[in-house]
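The block underneath contains the structure these notes are about, expressed in structure tokens.
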Amino acid sequence: MDEATRLRVRAVLSSWATLLLVAAVVVGALGAWATYGAHVAPGTTTEERTTQAWSTTADFDHSATVTRENPLFPVGTELSNRSTYFTAAAPVLDGTFTVAPRGLDGNVSVDLAATLVLRSADEETTYWRDTRPLAESSAAGADGPVSLAFSLNVTEVAQRIATIEEGIGTTPGETSAAVVVDARVAGTADGDPSSLAFSRRLSLGLAGDTYTATAPGSTTETVEQTTTVRVPDTAGPLRSIGGPFALLVGAVAAGGLGYATRRTDLALDDHERARLDYLDDRAEFDEWIVAVELPPPADDVTVAEAASLADLVNLAIDTDTAVLEAPGEELFTAVADDHRYTYRPPAPTADRDGGALAGTVLGGNHTENGADATADGSDPLAVNGDDPAATAGAADDGGDDRDDPTTAAPPDAERE
């Protein structure tokens, strides 16, 4: 991490440390709560479940016995569950409707009633309807299947339809014949009374010399019951995964902030703040700065020091000149007319975790050109620590005045 980033991070942490610590604690607490609820004590929730309490099956069987002489079937032959019967040879259709309840505890009762239904209707209108009871039965205490037998003469059914149509005329609807069985099954299930009513239809197709009987096949009617049960609460990914992650992030963040605030003072001191301001200015005005070897100042050039790099750059812009940076050292110069303007930034700082800040003495004195003073009060730019003025002697002996521009001008020039 470079110096500017390190100082900037410390400045942000110093300003927001309390808020960040509170946020980390809140995130960790929420993560702990979600983790506990998802993995340690998930709790329970109510759930409604629909189950089959009991059921009953229903089925039609049909047959016709040959009662008239014919070339194919001997008299007395029973034709059963055929798709087509012959009206002349076996005009009487015998049917059986059977129900078989399952799952009832007891006290089972079954009521069955078969009715012949003739009607003329279309999708929207029933034009006429004629019914005739065929058979009915009731069974109490049944412990097995219950059946209802019925029979009808299809020749008589065809004659009845013809009589109705002759009497009222032809209707636009379709004429149909069917045996409808109404069933009611009752009993107790799980100790509670329960009943079920339903109807089934055996359709008859009358085609002159033949007729058909079409049943729906074996069907099942069920009685369902809804119960409320308590089941373990299942946590979603947000709680099962996000909870531990939030706990970890909160704990690490809170621990890191606590460690950082105890290990070092995050707040920037005046020197570090000035150093950060310089680094920001250096990055902002980089295009105005040219790295070049600085020439020694002329004797008739007035030297002045800028308060900041930004001030020096603004002055250079106003005077249409460039800011020159001495290679290998942090010394910036702008030359305009007979004036030489310089800026020397605060000395680099060291990471607080690494020990004392290098080149900085907290509360120490500063030289007139802005550089930090050493611990004994001497000028760090001097040749030796005994006499800061020795710098001038060193320059006379062949040194380069550009290392300390202030030595080239008297105090009066500096105040200018």
Among strands (runs of 3 or more DSSP E) entirely inside region 234-326, those with 2 or more residues being more than 26 Å from ARG6 (Cα to Cα) and in contact with a strand residue (DSSP E or B) (Cβ under 6 Å, 6 or more places away or on another chain) are 302-305, 323-325
Filter region 160-178 for residues that are free of Cβ contacts under 8 Å to residues at least 60 places away in the same chain and assigned to a strand (DSSP E or B); which is surrounded by the most Cβ atoms within 10 Å (Cβ to Cβ)?
THR175
Yes or no: ALA254 out of contact with any Phe, Trp or Tyr (no Cβ under 7 Å at 6 or more places or on another chain), of a type in the set (A, V, I, L, M, F, W, C), more than 30 Å from ALA41 (Cβ to Cβ) and not assigned by TED's automatic domain parsing to the domain that holds ALA183?
no
Could you grab me the full set of residues in region 1-19 that are charged (D, E, K, R) and in a helix (DSSP H, G or I)?
GLU3, ARG6, ARG8, ARG10
Among the residues of region 99-108, is any closer than 20 Å to THR214 by Cβ and in the same structural domain as SER199 (by TED's automatic domain parsing)?
yes
Does ALA139 meet the test of being at pLDDT 95 or above, assigned to a strand (DSSP E or B) and closer than 24 Å to THR56 by Cα?
no
Looking at (1) within 17 Å of ILE168 (Cα to Cα); (2) in a loop (DSSP other than H, G, I, E, B), which one does GLY144 not meet, given that it meets all the others?
(1)
Yes/no for ALA274 being within 18 Å of ALA350 (Cα to Cα) and either touching a His at 6+ places or on another chain (Cβ under 8 Å) or in the same structural domain as ARG344 (by TED's automatic domain parsing) (or both)
yes
With the structure loaded, tell me whether THR175 is over 30 Å from THR226 (Cα atoms) and more than 60 Å from the chain's Cα centre (by Cα) or whether it fails that test.
no
So SER199 passes all but one of these: (1) of a type in the set (Ser, Thr, Tyr); (2) modelled with pLDDT of 90 or more; (3) touching a Ser or Thr at 6+ places or on another chain (Cβ under 6 Å). Which condition number does it fail?
(3)
Does region 386-393 include one or more residues that are surrounded by 12 or more Cβ atoms within 10 Å (Cβ to Cβ), more than 27 Å from ARG8 (Cα to Cα) and at pLDDT 50 or above?
no
Only one residue in VAL181, VAL157 is assigned to a strand (DSSP E or B), hydrophobic (A, V, I, L, M, F, W, C) and surrounded by 14 or more Cβ atoms within 10 Å (Cβ to Cβ), so which one is that?
VAL181
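The values are calculated or read from the model by the stated rules, or taken from the named source; none is laboratory data. A quick note: this is a predicted structure, and the numbers were derived from the prediction, not measured. Quick reminder, even Gly has a Cβ in these numbers, built from the backbone with ideal geometry, and neighbours come from all protein chains shown.
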